[in-house]
Amino acid sequence: MAFPYQPGYPTGVQAPVMSPAVPYTGPITDGISPGKMIFIQGYVHADADRFHVNLQCGAGGPPRPDIALHFNPRFGANKVVRNTLVNQKWGGEEKGDPGFFPFGQNQNFEMIILCELDEFKCAVNGHHYIEYKHRIKDLSRINTLAIDGKCTIYSIRFEGGAAVAHAQALPMPNFQLGPKINPPVPFECAVEGGMVPGRMVFVSGFVNNDNPDRFHINLQCGPGENAPRPNVAFHLNPRFGGQKIVRNALGNQKWGGEEKETPHFPFVPGGFFEVIILCQADAFRVAVNGVHMIEFKHRQPYQNVNTLLIKGAIRLTQVRFQ
C-alpha cells in the first residue's frame with residue numbers, strides 16, 4: 001500500500017480529518033467503492049445514550065438525503081442498530097447481537113468500515129463486528145460521512161477504493177496484530193512479522209497537559225532499555241523544550257548523529273496526535289496528523305526490528321500495525 005500522506009495527497013488519497021466538531025458532515029473524496037475503508041477514532045461521552053455514523057447520498061436537507069448505512073450504538077439497550085433511509089423512509093432495523101457490545105461510555109474506540117461488493121463490514125476495537133448487505137445498490141451515490149451524538153471524534157481517515165491507481169479490494173486489517181486500545185505508557189510489544197517495506201505503525205494519543213518534556217517511539221532490535229541495550233533502528237523523539245523532533249539510531253551501545261530539522265513542530269500540550277511510521281526499502285517515513293514530516297535513512301537493517309517501545313509524557317489511545 002502506498003504511504004497515505006504524501007505532500008500534495010496523490011490521486012485517490014483523501015486527507016485525514018483531525019479533531020472535527022460533532023455534529024460532523026463531510027465529503028468522501030471519490031465516493032464509496034469496493035475496497036474503500038474508513039477509520040474513525042473517537043471517544044464515547046460518559047453520559048452517552050447513543051451516537052451514529054452515517055454513509056449518505058448527499059448532505060444537507062430537508063429533505064434528508066438517502067442513507068446507505070446508519071450505524072447507531074444505543075447504550076440503554078447495549079445494541080447497535082443498523083438501517084437504511086430511502087425516500088424519507090427507514091427500512092427494517094437490524095440489531096442482532098453478534099455476541100458482544102463493543103462500545104463503552106467514557107471509553108475510546110476505533111471503528112473501521114470496509115465496503116465490499118455486496119456488503120459493508122464493520123469492525124470495532126480490533127474485532128470484526130457485523131456485516132450489512134447493501135440496500136442502496138448504486139455505491140457511486142454514497143459521497144458523504146456524517147457523525148452525530150454524544151461522542152468526540154479524534155480522527156477520520158480514508159484508504160483504498162477503486163479510485164486509487166491499480167487498487168484492489170482491501171481485506172479487513174489483520175487484527176492478530178492489534179490494535180491495542182488505551183494501552184499504558186510505557187508501552188512495549190513485539191512487532192509480529194517484523195518490519196518489511198510497506199509495513200506501517202500507527203500511534204495515536206494525547207500529549208500530557210502539564211509541562212511535557214519529551215516522549216519517544218523506538219523501533220528496536222530487541223526488548224527493553226536495560227544495559228546492554230538492544231540496537232534501535234529508529235528513535236523518534238519529540239522534545240518540547242526545543243520544539244524539535246530528534247531522530248537517531250543506536251548501534252553497539254552508541255548513538256549516531258542526531259537529525260533534528262522539521263518543517264514545524266506538530267505536538268502541543270493536551271493535544272491529540274497520530275503518528276504513522278512507514279517502512280520502505282531505503283528509509284522510515286513519518287507523517288504526523290496527516291502531514292508528511294520527515295524521512296530517516298536506514299542505518300541498520302530494518303529486517304532486525306522486532307520490538308516497538310513507547311515512553312514519555314503522553315497518554316496512548318491506540319497502537320496499530322498495518
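The values are calculated or read from the model by the stated rules, or taken from the named source; none is laboratory data. Note that the structure is predicted; figures quoted are calculated from it, not measured. Cβ coordinates were reconstructed from backbone atoms using ideal geometry, including for glycine residues, and neighbour counts include every protein chain displayed.
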- Task: Working only within the range 32-66, note down all residues that are free of Cβ contacts under 8 Å to residues at least 60 places away in the same chain and either among the charged types (D, E, K, R) or touching a Leu at 6+ places or on another chain (Cβ under 8 Å) (or both).
- Result: Arg64
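Would you be able to tell me the number of residues in the range 256-286 that are touching a residue at least 60 places away in the same chain (Cβ under 8 Å) and farther than 17 Å from Phe234 by Cα?
8
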- Got at least one residue in the range 258-279 being closer than 25 Å to Phe206 by Cα, assigned by TED's automatic domain parsing to the domain that holds Asp213, crowded, with 18+ Cβ neighbours inside 10 Å and touching a helix residue (DSSP H, G or I) at 6+ places or on another chain (Cβ under 6 Å)? yes
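Given the structure, is Asn54 in contact with a strand residue (DSSP E or B) (Cβ under 7 Å, 6 or more places away or on another chain), crowded, with 19+ Cβ neighbours inside 10 Å and modelled with pLDDT of 95 or more? So that I can check it myself, show each step before the final result.
Values: in contact with a strand residue (DSSP E or B) (Cβ under 7 Å, 6 or more places away or on another chain): yes; crowded, with 19+ Cβ neighbours inside 10 Å: yes; modelled with pLDDT of 95 or more: yes.
Against the criterion (in contact with a strand residue (DSSP E or B) (Cβ under 7 Å, 6 or more places away or on another chain), crowded, with 19+ Cβ neighbours inside 10 Å and modelled with pLDDT of 95 or more), Asn54 qualifies.
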- Query: Of all the residues that make up the range 90-104, how many are in contact (Cβ under 8 Å) with a residue 40 or more places away in the chain and over 20 Å from the mean Cα position of the chain (by Cα)?
  - Reply: 1
